[in-house]
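Report on the following structure.
The values are calculated or read from the model by the stated rules, or taken from the named source; none is laboratory data. The structure presented is a predicted model; accordingly, all values stated were derived computationally and were not measured. A quick note on method: Cβ atoms are made from the backbone with ideal geometry, for glycine too, and the neighbour counts reach across all protein chains shown.
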Amino acid sequence: VATGASLIAPALAPALALSIGATAALAAMEPIRSNGTPLPAPKPDIAYLYPGEPVDIETPTPRPDVQSILPRATRSVAEMYLAQTGQTTRNEDSFELRSGEGLGKVLRRAGYAASDIAAAVDAVSGRASLRALPVGLELRIADDGFAFTTRNGRDIFAIDDPEEGWIAFSAIRPVERYLAFAQGVIDDSIYRAAGSSDIPDDALAEYIRVMGFSVDFQREVRSGDAFELLYEQAVDSITGDLVDTKLHYAGLMLSGKQLGYYRFDHDGTRVGWYDRDGQSAARTLIRTPISGARLSSSFGMRRHPISGYNKMHKGVDFAAPSGTPIIAAGSGVITKSGWLGAYGRYVSIRHNGTYSTAYAHMSRIARGITPGARVEQGQIIGYVGSSGRSTGPHLHYEILVNNRKVNPLTVSLPTGEKIPPELLAPFKKRVELVEAEVMATGSLHFAGMELLPSELASN
């Protein structure tokens, strides 16, 4: 070892000498003091050396709202013809599209000349797909124009303008919107209680979906619990048909515990549900991915209904009529889709690195639900059935945490994120508007009150 050190020492000598010299030089250095001489100015940016003139840049004009561009649809073709041309048309009648017919044949039945049929069809073809017109479609046809309603809810009008000839255009169906507040006390089922309050099916389905993140309606709801909803209905002003239902607030008094969630639109990009403090109603997974079902078998040891032996049941079963929609408990990627032995028609979803879910015994799997496909929470993935080893129509539902099957009804699920800080102020304003609407109905509003279910029932 000593010999090796002596051989290395000569090689290190120059470096050590340089290091010692540098240390001595540093020790001898004195701080530089300015004597008043100005320091050199920084080099100017070359961009400033070129001649230029200031210009005004106008930001792009925002796209106008379709509602402000298109005319309002009218009850009759005659009304629209008068509004567009200032003239009248007569002999308006209703015609139904028959099997094997196209627009031209219907117009021929209405007495149109060949030249008018060609011009009218040419005008309409730029506004609607004439090959997609369904059998049974109603057309309102007058002497100088006709109209029909498309699947997207808009009306297509075609008129023979005295100056321009045949022209076609879209028109927006006039809609009236109403706010309604409903509440009630639950006796044995929230579905029966909601039915007695005449709550629309769409509003109730959304209410169940929002509350389903936090509440198991099969196990946790008790007699005397109370619910409340604020929802909006859109009604076609021409036909009186209900065209849309939107839930704005969902409240529940659950064994004395108050739950209340408010709808908030994130600048048109997505819709979220939050409590008063801005905490999301959403959970990583929905505990019950099916509406109106009955819990028929719990998680744990049980006597198998077919084999008769005691066996661990690593999921929960929900009995429901065959064909009942099954939704994805959370957003994720399909990992399996198809037949899987005793499970029958089976779908599994990986939601993240921790959580997965599985759904078995389906009657059929929804279109597009294939391995690798991405699904969103609440999306229909299949329908209740009795495929595989099953004694009747039901959904077998599993939640896996790190590939270990756990009880879906008791597993702790993380909540969604809070509302972004920059959106908290408009959200609070939204809450105030909802509160004002509820108070305007003169109804009891319990989301912010310390009321017990018994007190609610007495009111």
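Condition check: touching a residue at least 24 places away in the same chain (Cβ under 8 Å), surrounded by fewer than 18 Cβ atoms within 10 Å (Cβ to Cβ), over 25 Å from Asp244 (Cβ atoms) and in contact with a strand residue (DSSP E or B) (Cβ under 8 Å, 6 or more places away or on another chain). Does Ala78 satisfy that? It is false that Ala78 is touching a residue at least 24 places away in the same chain (Cβ under 8 Å), surrounded by fewer than 18 Cβ atoms within 10 Å (Cβ to Cβ), over 25 Å from Asp244 (Cβ atoms) and in contact with a strand residue (DSSP E or B) (Cβ under 8 Å, 6 or more places away or on another chain). A single entry from Gly256, Gly224, Gly240 fulfils the requirement of being out of contact with any strand residue (DSSP E or B) (no Cβ under 9 Å at 6 or more places or on another chain), modelled with pLDDT of 85 or more and either under 22 Å from Ala328 (Cα atoms) or surrounded by fewer than 22 Cβ atoms within 10 Å (Cβ to Cβ) (or both): Gly240. Test Ala250 against the criterion of being farther than 21 Å from Gly416 by Cβ, of a type outside the set (Lys, Arg) and touching a residue at least 24 places away in the same chain (Cβ under 8 Å), and give yes or no. So Ala250 fails the test.
Only a single criterion out of (1) out of contact with any Asp or Glu (no Cβ under 9 Å at 6 or more places or on another chain); (2) of a type in the set (Phe, Trp, Tyr); (3) assigned by TED's automatic domain parsing to the domain that holds Asp244 is not satisfied by Phe157, namely (3).
Go through segment 357-369 and report how many residues are over 21 Å from the mean Cα position of the chain (by Cα) and not hydrophobic (A, V, I, L, M, F, W, C). Residues in segment 357-369 being over 21 Å from the mean Cα position of the chain (by Cα) and not hydrophobic (A, V, I, L, M, F, W, C): 4 in total. Here Ile208 meets each of (1) of a type in the set (A, V, I, L, M); (2) assigned to a strand (DSSP E or B); (3) surrounded by fewer than 21 Cβ atoms within 10 Å (Cβ to Cβ) with one exception, condition (2).
In segment 326-341, what residues are in a loop (DSSP other than H, G, I, E, B) and surrounded by 21 or more Cβ atoms within 10 Å (Cβ to Cβ)?
Ala328, Ala329, Gly330
The set of residues from segment 165-182 being in a strand (DSSP E or B) and in contact with a Ser or Thr (Cβ under 6 Å, 6 or more places away or on another chain) comprises Glu176, Phe181, Ala182. Among the residues of this structure, Ser387 does not count as one that is outside the structural domain of Ala205 (by TED's automatic domain parsing), at pLDDT 90 or above and assigned to a strand (DSSP E or B).
Just to be sure before I move on: is Ser412 modelled with pLDDT of 60 or more, among the hydroxyl-bearing types (Ser, Thr, Tyr) and exposed (fewer than 12 other Cβ atoms within 10 Å of the Cβ) in the structure I sent?
yes
Counting only residues that are in a loop (DSSP other than H, G, I, E, B), modelled with pLDDT of 90 or more and surrounded by fewer than 16 Cβ atoms within 10 Å (Cβ to Cβ), segment 342-378 holds 6 of them. Is it the case, given these coordinates, that Gly268 is at pLDDT below 85 and under 23 Å from Asn152 (Cα atoms)? Against the criterion (at pLDDT below 85 and under 23 Å from Asn152 (Cα atoms)), Gly268 qualifies. Selection of segment 250-264 for residues being out of contact with any Ser or Thr (no Cβ under 8 Å at 6 or more places or on another chain) and assigned to a strand (DSSP E or B) yields Ala250, Gly251, Leu252, Met253, Leu254, Lys257, Gln258, Gly260, Tyr261, Tyr262, Arg263, Phe264.
Quick grid of which residues meet (1) in a helix (DSSP H, G or I); (2) farther than 18 Å from Ser94 by Cα; (3) modelled with pLDDT under 95:
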residue	(1), (2), (3)
Arg108	yes, no, no
Ala119	yes, yes, no
Arg127	no, yes, yes
Val135	no, no, yes
Arg140	no, no, no
Ala147	no, no, no
Gly153	no, yes, yes
Glu163	no, yes, yes
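Here Ala113, Ala193, Ala118 are screened, and the one residue that is small (Gly, Ala, Ser) and surrounded by 15 or more Cβ atoms within 10 Å (Cβ to Cβ) is Ala193. Within segment 121-137, residues that are surrounded by 10 or more Cβ atoms within 10 Å (Cβ to Cβ) have Cβ atoms under 6 Å from residues that are at pLDDT below 90 and of a type outside the set (Asp, Glu) in these pairs: Ala128/Thr150, counting only partners at least 6 apart in sequence or on another chain. Taking the criterion of being within 14 Å of the chain's Cα centre (by Cα) and either among the polar types (S, T, N, Q) or on the phi > 0 side of the Ramachandran plot (or both), the residues of segment 246-284 that qualify are Asp267, Gly268, Thr269.
Check segment 186-199 and report whether any residue there is under 27 Å from His266 (Cβ atoms), in contact (Cβ under 8 Å) with a residue 40 or more places away in the chain and within 25 Å of the chain's Cα centre (by Cα). No. In segment 274-295, the residue that is surrounded by the fewest Cβ atoms within 10 Å (Cβ to Cβ) out of those that are in a strand (DSSP E or B) and either at pLDDT below 90 or in the same structural domain as Pro321 (by TED's automatic domain parsing) (or both) is Arg294.
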